[in-house]
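A short worksheet on the structure shown next.
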There are 2 protein chains.
Amino acid sequence: MAGRGFMQWAANCRTVRLDVGLATSEIIVLGQTLCTDLSSFSPTEAEAFYIVVGDSGRELTLDLTKTAPVSLESITPEGTVTFHTVVGHEGDITVSAKNESPEGMGSNGGVTKMVAYISVATPSSKIDDKEVNFLFVDKSGDTIGVATLRMTAFYVSLDVDCDRDGVVEKNNPNKASWKWGPDGHGAILLVNNDCDDYLLEMDPEHKNSKIDGPFDLEDMSRMSVRVRGPDTLPEDCKLRMWVRPDDKERLGIFNLSDIQMLDELGNRHIIGPKAGHLAQISYDLMMAGGTGEGETLFAVEGLKYPDRDFNGTLRIHLSLLKNAAVPVFEDTVMFRLAPWIMTPNTLEPVEAFTCQMKKKENIDFVNDFTKVVEAAGIKLNIVLPYENRGDRWMQDEIELGYSELPGKKPMPVVLDSPRDRGLQKFPKGKLLGPDFGYVTRYDQNEYVNSLDSFGNLEVSPPVKVDGRTYPMGRILLGSAFPTTKYGRRMMRVVRDFLYAQQVQPPVELFSDWLAVGHIDEFMSFVPAAGGKGFRLLLASPAACYNLLRKLKDQGHGDVLCFEGRTRHGESAEKSISDLLDDADLKAESMQCQNDIDWNRDVMKRELGLDEGDIIDLPQLFQLEEGSGAGAYFPDMVNMIVLGKHLGIPKPFGPMIDGECAIETNVRSLLEPLGLTCNFVNDWDSYHLLMGEVHCGSNTRRKPFDFKWWNMSF
Amino acid sequence: MAGRGFMQWAANCRTVRLDVGLATSEIIVLGQTLCTDLSSFSPTEAEAFYIVVGDSGRELTLDLTKTAPVSLESITPEGTVTFHTVVGHEGDITVSAKNESPEGMGSNGGVTKMVAYISVATPSSKIDDKEVNFLFVDKSGDTIGVATLRMTAFYVSLDVDCDRDGVVEKNNPNKASWKWGPDGHGAILLVNNDCDDYLLEMDPEHKNSKIDGPFDLEDMSRMSVRVRGPDTLPEDCKLRMWVRPDDKERLGIFNLSDIQMLDELGNRHIIGPKAGHLAQISYDLMMAGGTGEGETLFAVEGLKYPDRDFNGTLRIHLSLLKNAAVPVFEDTVMFRLAPWIMTPNTLEPVEAFTCQMKKKENIDFVNDFTKVVEAAGIKLNIVLPYENRGDRWMQDEIELGYSELPGKKPMPVVLDSPRDRGLQKFPKGKLLGPDFGYVTRYDQNEYVNSLDSFGNLEVSPPVKVDGRTYPMGRILLGSAFPTTKYGRRMMRVVRDFLYAQQVQPPVELFSDWLAVGHIDEFMSFVPAAGGKGFRLLLASPAACYNLLRKLKDQGHGDVLCFEGRTRHGESAEKSISDLLDDADLKAESMQCQNDIDWNRDVMKRELGLDEGDIIDLPQLFQLEEGSGAGAYFPDMVNMIVLGKHLGIPKPFGPMIDGECAIETNVRSLLEPLGLTCNFVNDWDSYHLLMGEVHCGSNTRRKPFDFKWWNMSF
């Protein structure tokens, strides 16, 4: 749909009405033109007119000789004055007059119009100090009428930091537009969804319309209103800042020149949401003009990310109103909301998260996991039972991303899944805080399903596809096929949110074939030497059967897999030959291979990958009763990636020459890429519950060096 | 917001899994490529492979000598086969193989991949009749394994009339996209909102999912599925037509090859809304293949105009599914919904409408109006009291526009206002019918206000503005200023609808200053000789005072205006001098002049007009108690325009030399433009009720010669 065009609610050329014998007062803004149809009020006998410009109050008759020459050409039969263009100029007032009869009409009985245009170059020092007089003369040259226009001139400009250097420019010509790319421009707002005030309740729904101290101000962008002219506006004029009603919940504006003004609820938003009030859409400015450089400073905070019905740009308008209501001048600035950005596995980790369950139930896992995190040299956050409330799926509740303003430190922002199990309160309760933002999307009209978990939400490393670059990669999420009527999908409001961020255009994969239905069950990205700097790892039944067959060919058919492991109270042990001979398992696994291959093909196309960018890790799948597929043994692609250190679910494969043959195979595939394989025992504590290492952990990573506003579309 | 990109749900290059000792069956569509990673299943001792292609079933050993040459280059230390690209080609099967190790990895321990690509040039005549064999040989050249791929090949194409010549092309390369302009392309759908079956209840809500006979079919566009190949698809494959759930209420598809299949409710939509059912989003095709040209013909009807959440384009997909669910091929066509188009006063009238009230209350008006319509030589429709139910405001209930398909007669379509007073049932009850469509927009969450009436909705003639052309003009509608908190506006769903049509981008004017609040109270367009071919007429208090003053100057100060007229039971008569001396009336009128001038300035800018395109008609306004302004005497711009014949509210101005001086003035302004002024007495029957001739009438006009799809953006 063609976006609703930008309607400027005041024309730059404004009609004014004069009359003979009258002095009319008008406000004018520098850069504007006033126009008046002289023929509409010229006396019947008028044959010519003089234009006399200058300061108001002097005797006109005395100055007539000093006026600019007046050209007069013809008089129509009806006595209407018609001229060629005449221009009078004195001091900073410019007047021109133009015959604006329609083409081909001349004076043949149609409308003949003599229109004068008036503009002013410098602001007034007092009300009505600029004057233009139109003196009409008759045939004999006698003055038969004078119409006077008195003007009060202001310089008015609404300004933002359009070139992103931290300084609010003066009337930047680009201030009302926004352009992507390295040669782009446009002011930027952060969604100020962190909480800089520990004394207040956490406020991720952005109903806080206060400034929570200097750190809160740091998250806001600056905007200025600059006015030069008399100290006060002419009577019945107003200077009003306003936004469209659609935008009133998307931003909040504070007047920094007047931040002491709180209402009884402590609100300070002059425009935007106000606790206990309707959101404000307009604000009348107290004039701070004067002949010097009057400037009023504002802080603007973003409150909503781009979304389905919001393209991410906001306009703020400043209008000069006449007769208390009629906009006669308008200035506009544009902001774009900084998007929420995801971080792929190829970015350096900063800190890792996992849950410790009650009664040390998953202590083996936590111990193994801790070693990987220590090897990676980053901070480990262990979420204790009272915080995780029995929910170990740290990957599924949150996705850790960030938002970034030019010249500022990027702000980590957690996206909270609508999933909401035991960890539901963790992101808001523990992550949200100073310089750590929070956002969620939830639709009470939809049921939450397993595909809403963020194990089903990943992002690729930067890629190039058919000449188009995705410098921050592409978001990947699992869905059902659109050809399928009853499939599961991620909640629409979440998908809409992800698409709307624009900078990491999502690719929808097919994950509904899995019982749990998360894309991390069949794929992962790892940083890697050579090639594109990363590899896509895919779970592969074909590779697994290949490996097992080769092991059998080498005479290891009787070696037990999953030695000592149990499943549903029974031994999970099976020999290589038994695995190979299990026709049901093979059929189920190879059906899953088909589904994975479908995703492989889509990723090859949508991420511009070829086979050399993909590594198949041996894996078997089985169909869970009536609900889809699940990993038959610990699902190795479901790993945590911390730089070069991988925390891989320990497969418990056949021990050959004292080593697990599956681990050996995986090492042979990954270690040449410069990666370290750490195998983490998650069999009892995660695998049997249909999850793995990745599901049970989360990672905050460094932001991209690439700045999102430099992206080209 | 970056539109959610088009996700093709099947890759054109598809991964297949083969194995030694196995024959694998696959379906393939012409134009597709199958790819298989040979290294993933080659025997450990393999050092090279042969590719043997051809019809299935022959003895491989016999044909070995006939195979394409096989190039073999190096063997890695691990024994993996690595080749440069080799190509085998026989008959219509093409096979190539390529080393796809990642750049810089070579055989240094990373993954080395030999990938084969297979495509087919002609459709199969029976299942599995195309065959490719990969023969692996060891060092000594002995065959140590064969993997066989058997393919069934189909030609499949979903086709539309992309070049708009009335014929569905075969696989037009542009069929999945849409381009505006004279060099554009793309199929078009009409919103089929007329009612071609008088036996059924009128069905403007589009719940009718039947074909109402041949005239209904005429309003639909054609779409074909063309298939060549075996008579049936391989087992477990399906050919499914589908649309996104968002689009399911926006279109209806009929299978013309199978239109006898009705369900118990008589539904025939195979995709789209179905009475008594969920709307259908997919449809599995019965195969009509065969070696000949199998073709299944569909008729597609549009059901919704472009709107806020709908950019007007629809995609229909055809997917080939494997394993009953997995899309392995996809074809897509795009349609754009023909927009609803308004007709400006400069287009020739076809028929006029007005209401006759009970007890012949407005008989004088109807008589005068009839004369104007007769002079214009068009049909007059008089809506009788039982139909108008006491509502005389024919302009306000409906707007008459049209929609157009290439090569078809444009279809008139009435837009029904949410206003809904006495005339509420008229558009659906009397206008909707064969080849006369109906559309409405209403939001039960909003209150209807006077600005929702379509006297507040007009369209300009074609204009050019700063190099941009609007070949069908721009829609004009009245609003409150966005700077005003409590102003009236047209209902959002109606405004959204108007903006979404795209081809006549709206301009919002300021009409909230008027008590009734309709733009037709201060403006009208007339066709005119010279200039741009039209003039904008504006109501003008300034022009009126000018005229009255001149009349007084000429000695007519004592002449009565509004002679014999009454207002609220009292005489309305007033002399010219009394009018001029009425300071309140002047102040109120000149305030209205200011508001009209604001609109003048916005139209000059948004429609690219200059003063010569504008004619000021004398008019006075007064403030109605507490509610805004209204015309003080019959509001002449509120006229009906029927070609050169204008039906102008009779002003009852001062009679001078036996003629109304106001009429004389208006004639002097308009008649030189080639227009005929017919003054219609609406004083008692409309003017005193705050409306005029335009409010009490409506006009259906000829469509533009210009075709909307030729518009450039």
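The values are calculated or read from the model by the stated rules, or taken from the named source; none is laboratory data. This one's a predicted model, so the numbers in the text were calculated from it and none came from an experiment. All Cβ positions, glycine included, derive from the backbone under ideal geometry; neighbour counts span all protein chains shown. These accessible areas exclude ligands, DNA and RNA; they are computed on the full protein's heavy atoms, side chains included. Shrake-Rupley method; radii C 1.70, N 1.55, O 1.52, S 1.80 Å.
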Please give the number of the condition B:ARG336 fails out of (1) among the basic types (Lys, Arg); (2) under 27 Å from B:ASP443 (Cβ atoms); (3) open to solvent by 40 Å² or more (accessible area, probe 1.4 Å).
-> (3)
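Any chance you could count how many residues in the stretch B:400-415 are without any contact (Cβ under 8 Å) to a residue 60 or more places away in the chain and under 24 Å from B:ASP443 (Cβ atoms)? Before you say what the answer is, go through the steps one by one.
Of all residues in the stretch B:400-415, those without any contact (Cβ under 8 Å) to a residue 60 or more places away in the chain come to B:409, B:414.
Cutting the leftovers down to under 24 Å from B:ASP443 (Cβ atoms) gives us B:414.
Selection size over the stretch B:400-415: 1.
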Please determine, by comparing only the residues of the stretch A:529-543 that are among the hydrophobic types (A, V, I, L, M, F, W, C) and more than 8 Å from chain B (Cβ to nearest Cβ), which one is farthest from A:GLY674 (Cα to Cα).
-> A:ALA539
Across the stretch A:610-628, the tally of residues that are in contact with a helix residue (DSSP H, G or I) (Cβ under 8 Å, 6 or more places away or on another chain) and surrounded by fewer than 21 Cβ atoms within 10 Å (Cβ to Cβ) stands at 3
Would you tally the residues in the stretch A:173-184 being surrounded by fewer than 18 Cβ atoms within 10 Å (Cβ to Cβ) and out of contact with any His (no Cβ under 7 Å at 6 or more places or on another chain)?
-> 7
Exception for A:SER319 within (1) among the hydroxyl-bearing types (Ser, Thr, Tyr); (2) open to solvent by 10 Å² or more (accessible area, probe 1.4 Å); (3) over 29 Å from A:ASP194 (Cα atoms) falls at (2)
Counting just the residues of the stretch B:554-590 that are among the hydroxyl-bearing types (Ser, Thr, Tyr) and more than 14 Å from chain A (Cβ to nearest Cβ), which one comes out most open to solvent (accessible area, probe 1.4 Å)?
-> B:SER571
Please work out if A:ARG164 is farther than 30 Å from B:PRO672 by Cβ, in contact (Cβ under 8 Å) with a residue 60 or more places away in the chain, open to solvent by 20 Å² or more (accessible area, probe 1.4 Å) and not in a loop (DSSP other than H, G, I, E, B).
-> no
Which of (1) away from every other protein chain (no Cβ under 14 Å); (2) buried (at least 23 other Cβ atoms within 10 Å of the Cβ) does B:ASP657 not meet, given it meets every other one?
-> (2)
Output yes when any residue across the stretch A:573-588 is in the same structural domain as A:GLY533 (by TED's automatic domain parsing) and under 24 Å from A:GLY696 (Cα atoms), and no when none is.
-> no
Residue that is farthest from the chain's Cα centre (by Cα), among those in the stretch A:605-624 that are assigned to a helix (DSSP H, G or I) and either more than 7 Å from every other protein chain (Cβ to nearest Cβ) or farther than 24 Å from A:ASN665 by Cα (or both) = A:ARG605
For the subset of the stretch A:396-420 comprising residues that are under 20 Å from A:SER450 (Cβ atoms) and out of contact with any Phe, Trp or Tyr (no Cβ under 7 Å at 6 or more places or on another chain), which member is surrounded by the fewest Cβ atoms within 10 Å (Cβ to Cβ)?
-> A:ASP420
How about the stretch B:24-47: which of its residues are open to solvent by less than 30 Å² (accessible area, probe 1.4 Å), within 10 Å of another protein chain (Cβ to nearest Cβ) and assigned to a loop (DSSP other than H, G, I, E, B)?
-> B:PHE41, B:SER42, B:PRO43
All conditions in (1) surrounded by fewer than 19 Cβ atoms within 10 Å (Cβ to Cβ); (2) within 30 Å of B:VAL459 (Cβ to Cβ); (3) at the interface with chain A (Cβ under 9 Å from one of its Cβ atoms); (4) of a type outside the set (Val, Ile, Thr) are true of B:GLN593 except (1)
So which residues in the stretch A:629-642 are more than 14 Å from chain B (Cβ to nearest Cβ) and either open to solvent by 20 Å² or more (accessible area, probe 1.4 Å) or of a type in the set (A, V, I, L, M, F, W, C) (or both)?
-> A:ALA631, A:PHE633, A:MET636, A:VAL637, A:MET639, A:ILE640, A:VAL641, A:LEU642
Can you tell me which of B:ASP635, B:ASP558 is charged (D, E, K, R), without any contact (Cβ under 8 Å) to a residue 24 or more places away in the chain and in a loop (DSSP other than H, G, I, E, B)?
-> B:ASP558
Across (1) within 32 Å of the chain's Cα centre (by Cα); (2) modelled with pLDDT under 95, B:LEU347 clears everything bar (2)
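Examine the stretch A:286-299 for a residue that is at the interface with chain B (Cβ under 10 Å from one of its Cβ atoms) and at pLDDT below 95, and state whether such a residue exists.
From the stretch A:286-299, those at the interface with chain B (Cβ under 10 Å from one of its Cβ atoms) are none; that's our starting set.
Scanning the stretch A:286-299, I find no residue that is at the interface with chain B (Cβ under 10 Å from one of its Cβ atoms) and at pLDDT below 95, so the answer is no.
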Assuming B:GLU361 fulfils every condition listed in (1) buried (at least 22 other Cβ atoms within 10 Å of the Cβ); (2) over 35 Å from the mean Cα position of the chain (by Cα) apart from one, which condition is it?
-> (1)
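Kindly check whether there is at least one residue in the stretch A:544-553 that is within 30 Å of A:ILE341 (Cβ to Cβ) and either facing another protein chain (nearest Cβ under 10 Å) or in contact with a Pro (Cβ under 6 Å, 6 or more places away or on another chain) (or both). Before you say what the answer is, go through the steps one by one.
Within the stretch A:544-553, the subset within 30 Å of A:ILE341 (Cβ to Cβ) is none.
No.
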